[in-house]
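Working notes, structure below.
What follows draws every value from the coordinates through simple rules; no lab data is involved. Fair warning: this is a prediction, and the values are worked out from it, not measured in the lab. Positions of Cβ are backbone-derived with ideal geometry, glycine not excepted, and every protein chain shown enters the neighbour counts.
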Amino acid sequence: MKNILEVSDLKVSYGAIQAIKGLNFHVAEGEMVALIGANGAGKTTTLKTLGGLLSPASGQITFDGKAHAAIKSHDLIREGLALVPEGRGIFPKLTVVENLEMGAFSRTDGKAAIEADIERMFGIFPRLKERAFQLAGTMSGGEQQMLAISRALMGKPKLLLLDEPSMGLAPIIVQKIFETIREVVKGGVTLLLVEQNAKLALQTCQRAYVIDGGKIALEGQAQDLLHNEQVQKAYLGE
Ligand SMILES: Nc1ncnc2c1ncn2[C@@H]1O[C@H](COP(=O)(O)OP(=O)(O)O)[C@@H](O)[C@H]1O
Ligand SMILES: [Mg+2]
């Protein structure tokens, strides 16, 4: 499989603070890859950079064969790259349906196709269908996370970037959301998953990178990392 994403020697700073210090990783088409690491390791900074919200200080990002730097940030969704940010980033004053329509803003395949996809999202998350005309900001955290993922999928992404989808959610809701994420990926989306919940991420993905202090500290098959003593001690609480 070809790589949909290649990151080489990426450096990202906030003013004088260098948060990402030379990151190298890749994601192949159809893969589920996890980026795990402690609080402050640089996971969100990496995803924000991929989502066009931050500019790299140096390094190369290639997305779907194109130089990421050559794609304007507002064109990234059209090109097939969707970010579900930490804290979800839905529009709280809009209804569920309106949020889903916003997710499809870059599409040119017409109203009927978009409506069919909204129905498809309701099939994946029946809870959203029940709340179709509710204001998004009044829903529970789990429902908002379902909406954030659905809204990203409405843009028909090739690569979905998820930042801490489990954050602040009850374990049973997290299980439900992760089951759905696995189904969505089987349906043909590539996933880069950022999680502080390392166990869940390693159980979900095929491959993973451990980020520490803005650099990749370890990488491998998720199954191998689950059984790696260093990973168990530092990230799995075992
Ligand atoms: N807006 C910001 N301004 C300055 N430093 C920041 C900002 N956002 C994050 N950082 C710093 O960058 C580093 C990486 O943060 P972040 O990418 O949010 O980590 P993670 O998502 O892995 O918890 C941390 O040291 C953090 O304090
Ligand atoms: Mg973060």
(request) Would you grab the residues whose amide H sits under 5 Å from the one on Ala57? Only those 5+ places off in sequence or on another chain, please, with H modelled 1.01 Å from N. (result) Lys11, Val12, Ser13
(message) Can you compute the radius of gyration and Dmax for the chain, using only the Cα atoms, both in Å?
(response) 17.4, 52
(request) Note down the nm distance, to one decimal, between modelled labels 7 Å out along Cα→Cβ at Ile17 and at His227. (result) 3.9
(message) For segment 59-163, take the convex hull of the Cα atoms, compute a quarter of its surface area, and give me that in nm², please.
(response) 6.9
(request) Apply 1/(1 + (r/R0)^6) to the Cβ-Cβ distance of Thr180 and Gln134, taking R0 = 22 Å, and write down the FRET efficiency to the nearest 0.05. (result) 0.65
(request) Run down the lysines and flag those whose C-alpha is under 29 Å from the C-alpha of Lys199, throwing out any fewer than 8 positions away in its chain. (result) Lys2, Lys11, Lys21, Lys43, Lys48, Lys156, Lys158, Lys176, Lys186, Lys215, Lys233
(request) Please tell me the relative contact order of segment 1-70 in percent, rounded to the nearest whole number, where contacts are Cα pairs under 8 Å and at least six residues apart. (result) 41
(request) Can you find, among Gly103, Leu162, Ala67, the residue farthest towards the positive end of the dipole of the chain? Put +1 on the C-beta of Lys and Arg, -1 on that of Asp and Glu. (result) Gly103
(message) Nothing charged except the Cβ atoms of Lys and Arg (+1) and of Asp and Glu (-1): what's the magnitude of the dipole of segment 86-227 about its Cα centre? Round to the nearest 20 debye.
(response) 200
(request) Hey, could you get me the Stokes-Einstein D for segment 159-238, Kirkwood radius over alpha-carbon pairs, 25 °C and 0.890 mPa s, rounded to whole µm² s⁻¹? (result) 185
(message) To the nearest 20 Debye, how big is the dipole of segment 1-56 about its Cα centre, given +1 on the beta carbon of each Lys and Arg and -1 on that of each Asp and Glu?
(response) 220
(request) Pairs of Cα atoms under 8 Å, at least six residues apart: use those to get the relative contact order of segment 28-132, whole percent. (result) 18
(request) Only bridges with both residues in the chain count here: give the DSSP antiparallel percent, nearest 5. (result) 55
(request) Over the alpha-carbon set of segment 1-141, work out the extent along each principal axis and list the three values in angstrom, largest first. (result) 45, 31, 25
(request) Would you work out the relative contact order for the chain, in percent, from Cα pairs under 8 angstrom that are 6 or more residues apart? (result) 28
(request) With runs of 4+ DSSP H residues as the only contributors, calculate the mean residue ellipticity of the chain at 222 nm using -39,500 (n - 2.57) per run, divided by the residue total and rounded to the nearest 500. (result) -10500 deg cm²/dmol
(request) For segment 101-221, take the alpha-carbon Rg, divide it by the Kirkwood Rh, and send me Rg/Rh. (result) 0.99
(request) Enumerate the amide H contacts of Ile216 below 5 Å, restricted to partners 5 or more residues apart or on another chain; note that Pro and chain-start residues carry no placed amide H. (result) Asn24
(message) Let's test this: bin the Cα-Cα distances of segment 47-94 at 5 Å from zero up to the farthest pair and state each bin's percent.
(response) 5, 19, 30, 22, 13, 6, 3, 2
(message) Charges at C-beta only: +1 for Lys and Arg, -1 for Asp and Glu. How large is the resulting dipole of segment 1-157 about its Cα centre, in Debye rounded to 20?
(response) 300
(message) To make sure I understand, if each residue's beta carbon is the centre and we count other beta carbons within 10 Å, what order do Leu128, Leu202 fall in, fewest to most?
(response) Leu128, Leu202
(request) Mind checking which of Gly89, Gln232, Thr45 is farthest towards the positive end of the chain's charge dipole, using Cβ charges of +1 (Lys, Arg) and -1 (Asp, Glu) about the Cα centre? (result) Gly89
